[in-house]
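Contents: one structure, followed by commentary.
The values are calculated or read from the model by the stated rules, or taken from the named source; none is laboratory data. Computed from a predicted model, the values in this text were never measured in an experiment. Don't worry about glycine lacking a Cβ; one is built from the backbone with ideal geometry, like all the others, and counts go over all protein chains shown.
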Amino acid sequence: MDNVIRALACMAAACFFGMILRQPKSTLIYTAVIGLVGYVIFILMQGTLLAFFVSGLVVGILCELAARRAKKATTLFLISSIIPTVPGLGLYRSMMALSENNLELSLQIGVETLAGIGAIALALTIATAIFGCIRPLRLQRSRH
């Protein structure tokens, strides 16, 4: 039951973050569902570094697909949808340990968190690159 509440909260967070960024209302449902899917994948993979990567990759691919379906920019979906997966709690805990003069714990949590952020960034880059390669191939086929 706790995971269901968390999943719904992540869905709402993605949607509300889209509202804060003045995202068109017609795109908010896409954003919320993509954020939910990304979070569920992250939870099912138990929050490992690979979970950050796979979740980011799936979110990136779904955002690319949603952007093509809605005929909007990919970043419109991407920024709000990735929010539930970003390891903000790790950053908070790292800074908290630093403020308590626990340098070793702060460094450990900070490195893990930055690795998670890097995995998300790499996954989003790969998803964008995949769709960037697909579009030119379609254009070449239609010209011949």
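Going by the conditions given, is GLY47 closer than 19 Å to ALA115 by Cβ and either among the hydrophobic types (A, V, I, L, M, F, W, C) or assigned to a loop (DSSP other than H, G, I, E, B) (or both)? When the stated conditions are applied, GLY47 passes them.
Against the test of being of a type outside the set (Lys, Arg), farther than 18 Å from CYS10 by Cα and surrounded by fewer than 18 Cβ atoms within 10 Å (Cβ to Cβ), the options ALA121, ALA97 yield a single qualifying residue, ALA121.
For segment 60-88, a residue qualifies if it is of a type in the set (A, V, I, L, M), part of a loop (DSSP other than H, G, I, E, B) and surrounded by 14 or more Cβ atoms within 10 Å (Cβ to Cβ), and exactly one does: VAL86. When ALA121, ALA67 are checked against the criterion of being within 20 Å of PHE17 (Cβ to Cβ) and modelled with pLDDT under 95, a single residue qualifies: ALA67.
Checked against the criteria, ILE34 counts as assigned to a helix (DSSP H, G or I), at pLDDT 95 or above and of a type in the set (A, V, I, L, M, F, W, C).
Is there a residue in segment 89-100 that is free of Cβ contacts under 8 Å to residues at least 40 places away in the same chain, farther than 24 Å from GLY18 by Cα, in a loop (DSSP other than H, G, I, E, B) and out of contact with any Lys or Arg (no Cβ under 8 Å at 6 or more places or on another chain)? Yes, segment 89-100 contains a residue that is free of Cβ contacts under 8 Å to residues at least 40 places away in the same chain, farther than 24 Å from GLY18 by Cα, in a loop (DSSP other than H, G, I, E, B) and out of contact with any Lys or Arg (no Cβ under 8 Å at 6 or more places or on another chain).
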